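Encoded as structure tokens, the structure appears first; notes follow it.
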Amino acid sequence: MRVKFFLNSSLLFFFLSGIAVAQDAKQEMDHGDDHGQIYHAFTLEGDVGEAQDGRSKSFDLSGWVGGDYDRLWINSEKKNYGNYEEIFEVQALYSKNFSQFWDAQIGVSHDFSTDFTPTNVNYLTIGLEGLAPQMFETKAQIFLSDQGNYSARFKQEVDIFITQKLITQPYFETEIFAQDVPKLEVASGISDFEIGVATRYEITRKFAPYFALRYHTKTFGAANLAKQLGERVDNFIVAGGIRLRF
């Protein structure tokens, strides 16, 4: 109960913090002061396609508002690979730049559903985000849920320029659970991983259609649970969509 109270209080705190950041941004623009200027950058991707288990739909919003060193990050992802997998998650994170290419982040996440159940889950979230060597965009996060379990997620992606406008982006993502969570029907260890490549054509920097290939599979205990429930263990997805920057 203490964990749930803390996480629910944290959700309220970061919601109010977002309002405060927006108000500060308005004040800075009203005064026209370049020092401590507030900026923002968001990327929105949405696509539809076909999976081995039905229609695929994906939505991903990621971006920030703030200055050079302190930012409020907002992330939201929803994807549905037919009847195989459904995820809907939002995050609000305070981000602090501590080196040229790296930010430390802390905040809250909320799952409207998990891979296996419709259970809503809140998380305290701690992470790092930045550029690893060879320009790999890297995100590593640790989660403490209001169910009392720990988990972690790691993702890397890189832009490869075929031409100035045609860009392919391979990526890899995996999630790890520290213990079994029967209520969420997840097992300890590496629960799943996804690899894929999205190739986009930037008509402008702010507008780009893309074509994506994805392969997602459950592993170890998560795969065994899927088999016991008569569900697919892996899925291959082909999709097309639009990427917007604003």
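No value in this document is a laboratory result; all are computed from the given coordinates. These figures come from a predicted structure and were not determined experimentally. A quick note on method: Cβ atoms are made from the backbone with ideal geometry, for glycine too, and the neighbour counts reach across all protein chains shown.
Each of Q228 and R205 was given a label point 7 Å from its Cα along the Cα-to-Cβ line. The distance between the two points is 5.2 nm. This model, with +1 at the C-beta of Lys and Arg and -1 at the C-beta of Asp and Glu, gives the stretch 158-246 a dipole about its Cα centre of some 520 debye. A Förster distance of 25 Å, applied to the separation of the beta-carbon atoms of Y215 and D159, puts the FRET efficiency at 0.80. Modelled spin labels at W102 and A132, positioned 7 Å past Cα toward Cβ, are 1.3 nm from each other. Normalising the Debye intensity of the stretch 75-191 to I(0), with uniform scatterers on Cα atoms only, and taking log10 at q = 0.17, 0.22 Å⁻¹ returns -0.94, -1.32. Can you pick out the pairs among K57/K96; K79/K206; K79/K227; K139/K183; K78/K206; K57/K139 whose Cα atoms lie more than 25 Å from each other? Pairs exceeding the cut-off: K57/K96; K139/K183.
Amide hydrogen proximity for T119: with H placed 1.01 Å from N in the peptide plane, the residues at 5 or more positions away or on another chain lying under 5 Å are T114.
Just so you know, the Cα atoms of the stretch 134-221 work out to an Rg and Dmax of 16.6, 49 Å.
Each part reduced to its alpha carbon centroid, the stretch 51-122 and the stretch 140-189 end up 10 Å apart.
Between I142 and S62, the modelled labels are 2.1 nm apart [label points 7 Å from Cα along Cα→Cβ]. Each residue of the stretch 104-109 is assigned a 3J(HN,Hα), and the resulting list reads 9, 10, 8, x, 10, 10 Hz, derived from the Karplus form 6.51 cos²θ - 1.76 cosθ + 1.60 (θ = phi - 60°), x at Gly and Pro.
Placing unit charges on each Cβ (+1 for Lys and Arg, -1 for Asp and Glu) gives the stretch 133-246 a dipole about its Cα centre, and among N235, F177, F207 the Cα reaching farthest toward its positive end belongs to F207.
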